[in-house]
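Heads up: the structure comes next, in structure tokens.
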Amino acid sequence: YSCFACATIDFSLQRPARMRRASTNYYHNMTLALTTLAARGYSRIGYVLTDVGSARQEELSLAAYLLFRRRNPSICLPPFTASAATPFRDLTEWVRRTAPDAVITNDFSLPADLGPCRDRVPERLGCVTLARPADTCAGTAHVDENCPQVGAQAVDMIVDAIHRNDFGLPES
């Protein structure tokens, strides 16, 4: 890397660990989703974790959710973890058992995975994704990660490094 001015977007690039990085603020996005849902009167908010995003994204989102839940225990339900080992029928059962009125997830395909509960979205079950959903996910709200701005910030980091004659990986 010594001949390059470089930057990466998000947390998908694991090595090298020291790299200029532009990313959406996952902690803030979860807090924004929670405070918006609470302000709109939702009183039983659940979080469905999936293995779709990066581990760092999951950690930051979960940290924000758990802190909000600690401060607002009557509003937030215990999170549900879905993975390849956890069939989505378990998700449907979790929805039936916990009766959330809103669900936050990092997986925009979640509404389709709700199976028989899908007909409740959005009339009786609000769905918010922490990433922009596909256009086919009607009735699903999302937090705008502002990807064009994140990409522009990565380009700005590279341009700034070139102007400073700062090539290679950052020292810290």
*Filtered residues of the stretch 137-151 (kept if open to solvent by less than 30 Å² (accessible area, probe 1.4 Å) and modelled with pLDDT of 90 or more)*: 150, 151
*Which residue pairs have Cβ atoms closer than 6 Å, lie 6 or more positions apart in sequence or on different chains, and pair a first residue in the stretch 160-172 that is closer than 16 Å to residue 22 by Cβ with a second residue that is exposed (fewer than 13 other Cβ atoms within 10 Å of the Cβ)?*
169/1; 169/16; 169/18; 170/18
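I'm trying to understand the selection: among the residues of the stretch 14-33, which are assigned to a loop (DSSP other than H, G, I, E, B), in contact with a Leu (Cβ under 7 Å, 6 or more places away or on another chain) and open to solvent by 50 Å² or more (accessible area, probe 1.4 Å)?
Within the stretch 14-33, 18 is the sole residue that qualifies.
The values are calculated or read from the model by the stated rules, or taken from the named source; none is laboratory data. Here the structure is a predicted model, which means the values were calculated and not measured. Backbone-built Cβ (ideal geometry, glycine too); neighbour counts: all protein chains shown. Remember, those area values only see protein heavy atoms, side chains included, never the ligands or the DNA or RNA. Shrake-Rupley method; radii C 1.70, N 1.55, O 1.52, S 1.80 Å.
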